[in-house]
Amino acid sequence: MKIKSLVLIILFFVQSFCVFAQEVPVDENKKKTALSIQDRSFEIGLILLNVNFANSFLSASDLLKDVIIVDLDKLADGFKINFGVSVTPIYFKYKSKQGWGFGLSTDINAAGILNISGNMLTLSEAVKDNSDIGGAVFSSVALNSFFDVQKFKVKIAPSLFYTLAYITPPKNMPSSVIYTLDYTDGTVMCIDYNTRIYTGYSLEDGKFSLTSTPGLDFTVGFEYPLAKGIELTDSFPFLDFDIGLDLINIPFIPSSVTDYMQVKGRVGKDKPIKLINKDDEDDDEGLFSSDGTVKGERVIQISRPFKMLVRADWRPLNGKKLLTITPVIGFCYSELYYNPFSLEAGLNACFNINDLFLIKTGYNYTDRLFVNSLGFSVNVKVCEIAIGFDLRSQKAAQVWSGSGFGVNFGLKFGW
């Protein structure tokens with residue numbers, strides 16, 4: 001209820017300003033040059049795609065060898081895999097000459113994580129050590145709107161989303177895999193694994209039908225020309241910058257799913273292991289037990305990962321768009337992980353040649369990955385094509401090793 005109240009307060013706050021919204025005069029110093037590409041009044045995106053993968057163990061050089069050599073010392077740091085796919089099959093945006101506009105987009109997002117504890121891989125002593133196994137697939141449709149309120153640029157995007165698949169441990173377990181090796185009262189070695197794969201659809205009789213209920217969240221953004229607001233650029237024109245705040249996927253109504261398949265079992269025992277024991281018949285039990293795959297029903301509420309990001313767009317060349325440097329800092333809350341909170345931070349730069357050719361580069365820590373990115377965009381008014389690449393890793397020192405990568409591609413048409 002607190003989250004819902006917060007959303008309503010934000011929306012009421014924004015809408016109250018709309019009463020006083022007015023057309024902002026055009027800054028004569030920022031008029032488009034003759035060679036600049038004018039903004040499109042409307043545009044349609046045909047292909048918007050992002051694919052990424054990262055692991056913490058094997059680099060590109062390891063995979064190219066005739067014989068793959070496994071360094072067991074690396075296992076002490078654990079084994080991590082992250083992957084993601086994002087597709088936007090439908091995208092539309094309209095922008096008026098007054099600066100306000102709206103749009104519509106549909107998205108399918110999939111993400112998966114595997115984080116195996118180093119203690120378990122090296123059979124080190126530990127008590128209830130947790131490992132993450134999780135994943136999610138969401139489909140959504142968002143109504144995007146943006147407008148000016150005095151000197152503020154505001155964007156609001158309510159989004160209706162469905163949970164198509166969700167991998168999570170049961171509520172009574174903190175994570176999908178729990179490892180214990182304790183020598184205090186004898187040797188206790190136990191690995192409990194218990195995970196559920198929820199699906200929000202049914203394929204009975206060969207027909208696809210949604211069984212999950214939709215959820216609702218909001219993305220809200222604000223931008224303000226702070227340097228001009230405090231008249232800093234009058235004395236220091238190279239200190240021309242804006243500040244922005246983005247609240248992504250503010251949860252309002254969670255999506256719910258019911259049907260699941262559960263995989264549960266145990267390796268070892270939660271009591272001291274007796275290798276030779278003639279008196280206790282209970283020790284005839286094996287060290288491996290499994291319930292196999294069991295189907296069941298239990299309603300769970302699911303919200304998409306929430307992010308809060310603060311950024312500054314600095315134009316050091318006396319306010320010209322040729323170069324923009326953007327530092328970013330914030331946090332993310334994702335229930336896919338045993339520890340849901342994570343830091344988000346980075347530094348990005350954009351070289352803009354008359355809105356015709358853009359080069360974007362950045363170094364960020366996002367979604368628990370270190371990412372070096374490079375992207376190019378060519379815009380000829382009627383068509384815009386964008387392509388980007390990145391190298392990524394769970395460790396900063398391994399970003400350039402080729403242990404992870406990402407590719408994104410976009411194609412837009414309009415006028």
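The values are calculated or read from the model by the stated rules, or taken from the named source; none is laboratory data. Owing to the predicted nature of the structure, the values given are computational and were not obtained by experimental measurement. Methodologically, a virtual Cβ is constructed for each residue, glycine included, from the backbone with ideal geometry; neighbour enumeration extends over all protein chains shown.
Summary of values
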read-out: Residue in the stretch 277-287 that is surrounded by 13 or more Cβ atoms within 10 Å (Cβ to Cβ) and modelled with pLDDT under 90 present; value: yes
read-out: Residue in the stretch 385-394 that is in a helix (DSSP H, G or I), more than 19 Å from the chain's Cα centre (by Cα) and surrounded by 14 or more Cβ atoms within 10 Å (Cβ to Cβ) present; value: no
read-out: Residue satisfying all of: in the stretch 168-180; hydrophobic (A, V, I, L, M, F, W, C) and buried (at least 19 other Cβ atoms within 10 Å of the Cβ); farthest from S124 (Cα to Cα) among these; value: V177
read-out: Boolean, K295 is more than 30 Å from V188 (Cα to Cα), surrounded by 14 or more Cβ atoms within 10 Å (Cβ to Cβ) and modelled with pLDDT under 95; value: no
read-out: Residue that is surrounded by the most Cβ atoms within 10 Å (Cβ to Cβ), among those in the stretch 76-91 that are closer than 24 Å to L164 by Cα and aromatic (F, W, Y); value: Y91
read-out: Candidate set from the stretch 339-360 (those that are surrounded by fewer than 16 Cβ atoms within 10 Å (Cβ to Cβ) and within 24 Å of the chain's Cα centre (by Cα)); member that is modelled with the lowest pLDDT; value: N339
read-out: Test: residue in the stretch 122-134 that is under 25 Å from V220 (Cβ atoms) and either more than 27 Å from the chain's Cα centre (by Cα) or of a type in the set (A, V, I, L, M) (or both); value: no
read-out: Subset of the stretch 315-352 (residues that are part of a strand (DSSP E or B) and of a type in the set (S, T, Y)); value: T324, T326, Y333, S342
